[in-house]
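Below: one structure, written as structure tokens.
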Amino acid sequence: MIIKEPEKFFTKNYIVCLGAILCCVLWGTAFPCVKIGYKLFDVNTESVPSLMLFAGTRFALAGLLVIIFGCIIKKRFIVPKAKNLWRVGLVSVFQTIAQYTFFYIGLAHTAGVKASVLNGLGVFFTIIAACFIFRTERFNLIKLLGCLLGFGGVILINLGGDFSFTFTLLGEGFVIFSGLSAAIASGLVKIFSKHEDTTALCGYQFLFGGIVLVIIGLSFGGAYRPVSVGSYFMLLYLGFLSAFAFTLQGFLLKYNPVSKVAVFKSTNPLFGAVFSAIVLGESGQLLSWFTLIALVLVCSGIFVINKFGEKGLKFKKSG
């Protein structure tokens, strides 16, 4: 199906709603599926090169899927313009290489439920980046309140049931760095999609980033070994969800304000926590009161920012 008027289509409220939530559902399944993927490919989670090699394979596959899909839809071979290669490379550095190096290492050293809540920080980083780095939005007290709610949730999830603050750089720290890198990537996609076809931008940044991760992983002795036929199906699914979700988000960001898309990311931590609880058997952590409150705080913070952030605070003059 070729969308003749993409701007009109992707700005429809119900399309934005359904599309953004679908992205969050897919990203939510990534938390448990990556952990299962470690087992299906016998990945040594203590070996950083092996983690990078596994991640690189997934994203190189995702890039190929996006490019093949784009070629079929457009009925021609898609390739970014020569003058935009640096844009593809820059997006790839933040979206694929940095984000998923941090994400895969962090996820290997923390629980899926906890990682999904921490990953919700990416929404706040996106708002902060839009206000202070890309300067496409204004920062105000409402957005500050939303950020405080979100950071409160992150602090709470790290306290644990016995209020012992558990935080490691390779675990929780790297998951947070992953969200920061994703926020920068979102801002770049918003800007660069004005100069380059969104499908080509998404596909080639994945392919380039994946290849770089594979080369680095192999160079430092990374390895993995598929243990069954199911291993390949899991890899295919991980590649598909990245290809589909990121490309769809790219179109939504291109034709809509960042805040309008970001409001639906409040469901991202929820889906990630729920799927991790179901698939990985982490229901005990999901159903604990501190995790549930943390989820509420993170989701409330995102909602407040996107619902009231542009309105700011108006005070009545006395007298």
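The values are calculated or read from the model by the stated rules, or taken from the named source; none is laboratory data. Computed from a predicted structure; not experimentally measured. A quick note on method: Cβ atoms are made from the backbone with ideal geometry, for glycine too, and the neighbour counts reach across all protein chains shown. Note: areas computed on protein heavy atoms with side chains; ligands, DNA, RNA excluded. Shrake-Rupley method; radii C 1.70, N 1.55, O 1.52, S 1.80 Å.
With the condition kept exactly as written, say whether any residue in the range 82-89 is of a type in the set (Phe, Trp, Tyr) and either at pLDDT 95 or above or on the phi > 0 side of the Ramachandran plot (or both). Please lay out each step first, then the result.
Just the residues of the range 82-89 that are of a type in the set (Phe, Trp, Tyr), to begin with: 86.
Next, only the ones that are either at pLDDT 95 or above or on the phi > 0 side of the Ramachandran plot (or both) stay: 86.
Yes, the range 82-89 has at least one match.
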Original post:
Among the candidates Tyr224, Tyr255, Tyr237, Tyr232, which residue alone is open to solvent by 20 Å² or more (accessible area, probe 1.4 Å) and within 25 Å of Lys143 (Cβ to Cβ)?
Top reply: Tyr255
Original post:
Do you know which residues across the range 169-216 are under 11 Å from Gln99 (Cβ atoms), touching a Lys or Arg at 6+ places or on another chain (Cβ under 9 Å) and open to solvent by 20 Å² or more (accessible area, probe 1.4 Å)?
Top reply: none
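Pull up the range 274-290, narrow it to residues that are part of a helix (DSSP H, G or I) and at pLDDT 75 or above, then point me to the one that is surrounded by the most Cβ atoms within 10 Å (Cβ to Cβ). Walk me through it before giving the result.
Pass one, the range 274-290, residues part of a helix (DSSP H, G or I): 274-280, 283-286, 289-290.
The next check asks that each one be at pLDDT 75 or above; those that pass are 274-280, 289.
Details: Val274: 21, Phe275: 23, Ser276: 29, Ala277: 21, Ile278: 12, Val279: 15, Leu280: 18, Trp289: 9.
Among those that are part of a helix (DSSP H, G or I) and at pLDDT 75 or above, it is Ser276.
Looking only at the range 1-55, count how many residues are of a type in the set (S, T, N, Q) and not in a loop (DSSP other than H, G, I, E, B). Walk me through how you get there before you give the answer.
Within the range 1-55, the first condition is being of a type in the set (S, T, N, Q), and the residues that meet it are 11, 13, 29, 44-45, 47, 50.
Now restrict to residues that are not in a loop (DSSP other than H, G, I, E, B): 13, 29, 50.
Final tally of qualifying residues: 3.
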Original post:
Would you say Phe31 is touching a helix residue (DSSP H, G or I) at 6+ places or on another chain (Cβ under 8 Å), more than 22 Å from Tyr255 (Cα to Cα), among the hydrophobic types (A, V, I, L, M, F, W, C) and modelled with pLDDT under 90?
Top reply: yes
**OP:** Report, by residue number, each residue of the range 2-19 that is at pLDDT below 90 and in contact with a helix residue (DSSP H, G or I) (Cβ under 8 Å, 6 or more places away or on another chain).
**Re:** Ile2, Ile3, Pro6, Glu7, Thr11, Val16, Cys17
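Okay, residues lined up against (1) charged (D, E, K, R); (2) touching a helix residue (DSSP H, G or I) at 6+ places or on another chain (Cβ under 8 Å); (3) modelled with pLDDT of 80 or more:
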site	(1), (2), (3)
Phe94	no, yes, yes
Ala98	no, yes, yes
Tyr104	no, yes, yes
Lys114	yes, yes, no
Leu149	no, yes, yes
Gly160	no, yes, no
Thr166	no, yes, no
Leu170	no, yes, yes
Leu180	no, yes, yes
**OP:** Would you point out which residue out of Phe264, Phe244, Phe240, Phe271 is in contact with a helix residue (DSSP H, G or I) (Cβ under 7 Å, 6 or more places away or on another chain), closer than 21 Å to Phe94 by Cβ and part of a helix (DSSP H, G or I)?
**Re:** Phe244
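Do we find that Val296 is modelled with pLDDT of 75 or more and assigned to a helix (DSSP H, G or I) in this structure?
On the way: modelled with pLDDT of 75 or more: yes; assigned to a helix (DSSP H, G or I): yes.
Yes.
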